[in-house]
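Read-outs: derived from the displayed coordinates by stated rules, not from any lab. Computed from a prediction, not measured in an experiment: that's the story for all the values here. Here Cβ is always computed from backbone atoms with ideal geometry, including for glycine, and neighbour counts include all displayed protein chains.
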Amino acid sequence: MNRICTMFFSPTGHTRKTVMGLAKKLSVLLKIDDVEHRDFTLPAERVRVPKYGEGDLLILGVPVIAGRVPNVLLPFLRELQGSGALGVPVVVYGNRNFDDALVELQDLMEDAGITTISGGAFVGEHSFSYSLGKNRPDESDMDILDKWAESLADRIRNGEPFLTVELPGVRPYRPYYVPRDRDGNSVDIRKVKPKTSDACINCKLCVKACPMGAIDYHNVRNYHNICIKCNACVKKCPVDAKYFDDADYIYHKEELEAMYGDLHRSPVFFVESGTNFSPQQPEYTK
């Protein structure tokens, strides 16, 4: 192994922090100076898919959306090529559950010819909320990430043949998580988009931050592509001018905060099949 590579989709920075933290620690432990980072959050970075091969360790990270790998990324990730490379899938979720996202990301890497020798699921601040998973990944999470890096470095240094690690999840994958209203009926918030208040100073930060390139440069109140509710525009606005007011969206956000706000999900990582499975791993939630 002579190069550590990262790829990450991270609209609000939590996946980036996790993936780059793991890469930095591994580069020190393995004494590998050649570290290459690829941030594919913005549309322009999803035009050309990089290739990886023998001698590369690829750490690939995505946030969990509705319990799965974000479906808008699937066409890009299905073009990934990595024959002969080793891989580590990483998912970051908002303190509810990562459901089948980790095993789905593993399958995408394996389909690209990458042998996935480890994998992990970490908590980040939920995209909908400022309180759910607040300030995660935090210092204790990063300590666990360091332990993961040490375990992974030990395995790499052992020089044993690398086999695909068994990661938690269900195949075929379960359906995307569906929010429900107060009566238990499913609701569809896919077409809901943030609004813009008169506080807007037209700085265009929201345009630059949107991973879907959806916000109109000439009128930031207009959208010409789908919104994935990543809240990059909301959380990065310097004057808090972006907001959601859809009743179903707000109820779903408040329900998540009420159900999972008092829980502290611990990060989990997997270096060998059948080990490091957390007894606190939450069950799939409808």
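Rundown of residues vs (1) surrounded by fewer than 10 Cβ atoms within 10 Å (Cβ to Cβ); (2) of a type in the set (Lys, Arg); (3) closer than 22 Å to Gly94 by Cα, yes/no style:
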residue	(1), (2), (3)
Asn158	yes, no, no
Pro161	yes, no, no
Val165	no, no, no
Pro168	no, no, yes
Arg171	yes, yes, no
Asp183	yes, no, no
**Prompt:** List, please: which pairs have Cβ atoms under 7 Å, are six or more places apart or on different chains, and start with a residue in segment 43-60 that is on the phi > 0 side of the Ramachandran plot and end with one that is assigned to a loop (DSSP other than H, G, I, E, B)?
**Reply:** Gly55/Met1; Gly55/Asn2
**Message:** Show the residue pairs meeting these rules: Cβ distance below 8 Å; 6+ apart or different chains; first residue within segment 91-102 and part of a helix (DSSP H, G or I); second residue among the small types (Gly, Ala, Ser).
**Reply:** Ala101/Gly67; Ala101/Ala121; Ala101/Gly169; Leu102/Gly119; Leu102/Gly120; Leu102/Ala121; Leu102/Gly169
**Prompt:** For Gly113, are the conditions met, namely being farther than 25 Å from Glu150 by Cβ, touching a His at 6+ places or on another chain (Cβ under 6 Å) and either surrounded by fewer than 24 Cβ atoms within 10 Å (Cβ to Cβ) or not basic (Lys, Arg) (or both)?
**Reply:** no
**Message:** Let me spell it out: the conditions are (1) of a type in the set (Phe, Trp, Tyr); (2) part of a strand (DSSP E or B); (3) surrounded by fewer than 17 Cβ atoms within 10 Å (Cβ to Cβ), and Tyr130 meets all of them except one. Which number is the exception?
**Reply:** (2)
**Fill in**
Reported set for segment 143-169 where residues are without any contact (Cβ under 8 Å) to a residue 24 or more places away in the chain and not in a helix (DSSP H, G or I) is Gly159, Glu160, Pro161
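Per-residue answers, yes or no, for (1) in contact with a helix residue (DSSP H, G or I) (Cβ under 6 Å, 6 or more places away or on another chain); (2) charged (D, E, K, R):
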| position | (1), (2) |
| --- | --- |
| Gly13 | no, no |
| Arg16 | no, yes |
| Val19 | no, no |
| Val28 | no, no |
| His37 | no, no |
| Phe40 | yes, no |
| Val47 | no, no |
**Residue pairs meeting the criteria (Cβ under 6 Å; at least 6 apart or on separate chains; first over 13 Å from Val91 (Cα atoms), in segment 7-33; second of a type in the set (S, T, N, Q) and surrounded by 17 or more Cβ atoms within 10 Å (Cβ to Cβ))** = Pro11/Thr41; Ala23/Thr6
**Message:** Yes or no: segment 202-214 includes at least one residue that is more than 18 Å from Ile189 (Cβ to Cβ), touching a Phe, Trp or Tyr at 6+ places or on another chain (Cβ under 6 Å) and not in a loop (DSSP other than H, G, I, E, B).
**Reply:** yes
**Message:** For segment 170-181, check the following and say yes or no: at least one residue is hydrophobic (A, V, I, L, M, F, W, C), without any contact (Cβ under 8 Å) to a residue 40 or more places away in the chain and under 25 Å from His14 (Cα atoms).
**Reply:** no
**Request:** Quick one: count up the residues across segment 234-249 that are surrounded by 15 or more Cβ atoms within 10 Å (Cβ to Cβ) and either part of a loop (DSSP other than H, G, I, E, B) or free of Cβ contacts under 8 Å to residues at least 12 places away in the same chain (or both).
**Result:** 4
**Message:** Given the criteria among the hydrophobic types (A, V, I, L, M, F, W, C), crowded, with 21+ Cβ neighbours inside 10 Å and in contact with a helix residue (DSSP H, G or I) (Cβ under 6 Å, 6 or more places away or on another chain), does Val69 qualify?
**Reply:** yes
